[in-house]
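Some notes on the structure that comes next.
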Amino acid sequence: MIYKKLSWLLLLLVMISCKKEVKPEDAVQMIVGTYTDGSSEGIYSYKFDQESGESNSLSSLEIANPSYLTFNQQGNVIYAVSELNDENACVYAISYDKQTGEMKVINSMNTHGTDPCYVETNGDKVLTANYSGGSMSEFLLKKNALDSVFTLATGSWGGPDTIRQSEPHIHCARFTSDGKYIFMTDFSGDQLLRLDNQRTDSVRVFKPFNVSLGTGPRHFVFSKDNQYMYLMGELSSKVTVLKYHEGELEIIQEISTDTINARGGADIHLSPDGKFLYASNRLKHDGIAIFSVDKKTGKIKKIGYQETGVHPRQFNITPNGKFLLCACRDDNVIQVYERDLKTGLLKKTRKRIRVDKPVCVQFYK
């Protein structure tokens, strides 16, 4: 009898030891922004296991069209735009509970520009890019709350596309890592605009950097060493590689992300190790172009193309680099792909997150 009890105890211990342990570093916070003209409520929070690719739904917050959002550095505040084409267009400051995923609105402010579609913070300020308003809004922060509008910058127009570039559009606004500058994509002017972030007086001089006509600049990322910028062209469906040094830009390469000129270039991201670049396309042959990166020259080489669901407006890569999550707006799903860390190529998994009209995925570790 004693022998049997010991055998069962030993078996139980073996089973426990064989069970996969979910380490704290494997779990990351994930938030999803959506369009709310269907069944979506607004923002959804999840716990994502970046080893297994599994996700657990946590909570939601009702906000109209939170099409882009971001965490602050501490991960306890979310800043989210409400992409509306009227006077209700605004940006929200939202408290975030990292244990429960619960979200509560701190405050909101009007963006003074319609259809805000991008938001970023450096801890002191929040930037919004207002697409239809053709402007960038800059907000000061006070104890994580939005305090006041500091700058309102407008884009230009006149690109070769007489329909889509007939009026100003700003699609993205980001800080440089050294905090000295803000760069914006002037979609209709086929330019990047640089603003001196350290000036606090009323004279804010913008310096333009021209890219190829018909590019339609949309999103961009900097390399980790800040020597290169990678710009996604919405109209050209090309990645423009620019050398960056102390606020100055120089084009060194342009390379197409598709073969059919879909004119629907969307999002762009580097892998955490900087070895690979990914760029999404919509409207035709929806998918993600994959490039290898030469870290010495900054130049890229196309190595693959992963077809996705319909309208991959935005995607993101987990902090450990193992998974890429693609928000397919018109398929009402976030697809989970596993990344080959050596080749950079993507592999389909059977894991999907169902949510109505997802358009933005962000992680916080």
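The values are calculated or read from the model by the stated rules, or taken from the named source; none is laboratory data. Keep in mind it's a predicted model, so treat the numbers as computed, not measured. Reconstructed Cβ throughout: ideal geometry from the backbone, glycine too, with neighbour counts over all protein chains shown. Areas reflect the complete protein model, heavy atoms only, side chains present, ligands, DNA and RNA absent. Shrake-Rupley method; radii C 1.70, N 1.55, O 1.52, S 1.80 Å.
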Q: Measure of size requested: the Rg and Dmax of region 233-365, with Cα atoms as the atom set and Å as the unit; please supply both.
A: 14.5, 45
Q: Scan around F150 for amide H atoms under 5 Å from its own, H built in the peptide plane at 1.01 Å from N, and keep only partners 5 or more places away or cross-chain.
A: E138, F139, L140
Q: Sort out for me the Cα centre separation of region 96-140 from region 297-365, rounded to whole Å.
A: 24 Å
Q. Roughly speaking, to the nearest percent, how much of the chain's 1.4 Å accessible area is carbon and sulfur?
A. 51 percent
Q | Ranked by how many other beta carbons lie within 10 Å on average, peptides 94-100, 246-252 from highest | A | 94-100, 246-252
Q.
Can you give me the orientation-averaged projected area of the convex hull built on the Cα atoms of region 143-260, in nm²?
A. 8.7 nm²
Q. When the scattering of the chain is computed by the Debye formula from its Cα atoms alone, each counted once and equally, what is log10 I(q)/I(0) at q = 0.07, 0.09, 0.11, 0.14 Å⁻¹?
A. -0.31, -0.49, -0.72, -1.19
(Q) If you count only protein heavy atoms and use a 1.4 Å probe, how large is the accessible surface of R282, to the nearest 10 Å²? (A) 10 Å²
Q | With DNA, RNA and ligands ignored, accessible area of E234 (1.4 Å probe; Å², nearest 10) | A | 10 Å²
Q: Please list H285, H171 in order of solvent-accessible area, largest first, computed with a 1.4 Å probe with all protein chains present.
A: H285, H171
Q) Normalised by the number of residues in the chain, what is the relative contact order in percent for Cα pairs under 8 Å and 6+ residues apart? A) 11 percent
Q. Where does each of H269, H112 land when they are ordered by accessible area, with a 1.4 Å probe and the largest first?
A. H112, H269
Q) What is the set of long-range amide H partners of H171 at a cut-off below 5 Å, with H atoms built 1.01 Å from backbone N? A) T185, F187
Q.
Residue by residue through region 145-155, what is 3J(HN,Hα) from phi via Karplus (6.51 cos²θ - 1.76 cosθ + 1.60, θ = phi - 60°)? Round to whole Hz and write x for glycine and proline.
A. 8, 5, 10, 7, 7, 9, 9, 10, 10, 10, x
Q: Using only Cα atoms, find the angle between the long axis of helix 2-18 and the longest principal axis of the chain, and express it within 0 to 90 degrees, rounded to the nearest 10.
A: 10 degrees
Q. Anyone know which of I106, I317, I268 comes out most mobile in the 10 Å Cα GNM of the chain?
A. I106
Q. Say we join alpha carbon atoms closer than 10 Å with springs in a Gaussian network model of the chain; which of T308, T176, T121 then has the biggest fluctuation?
A. T176
**Q.** Integer Hz, Karplus 6.51/-1.76/1.60 couplings in order for region 116-121, x for Gly and Pro
**A.** x, 10, 8, 8, 8, 9
Q: Note down the magnitude of the dipole of the chain about its Cα centre, charges +1 on Lys and Arg C-beta and -1 on Asp and Glu C-beta and zero elsewhere, to the nearest 20 debye.
A: 1560 debye
**Q.** Spatially close lysines, pair count over region 131-278: Cα under 20 Å, gap of eight or more or interchain
**A.** 8
Q.
Given points 7 Å out from each Cα along the Cα-Cβ axis, report the D330 to E54 separation in nanometres with one decimal.
A. 3.4 nm
Q: Could you state the accessible area per residue of the chain in Å², with a 1.4 Å probe and every protein chain left in place?
A: 46 Å²
Q. Protein chains only, probe 1.4 Å: how do T162, T343 rank by accessible area, largest first?
A. T162, T343
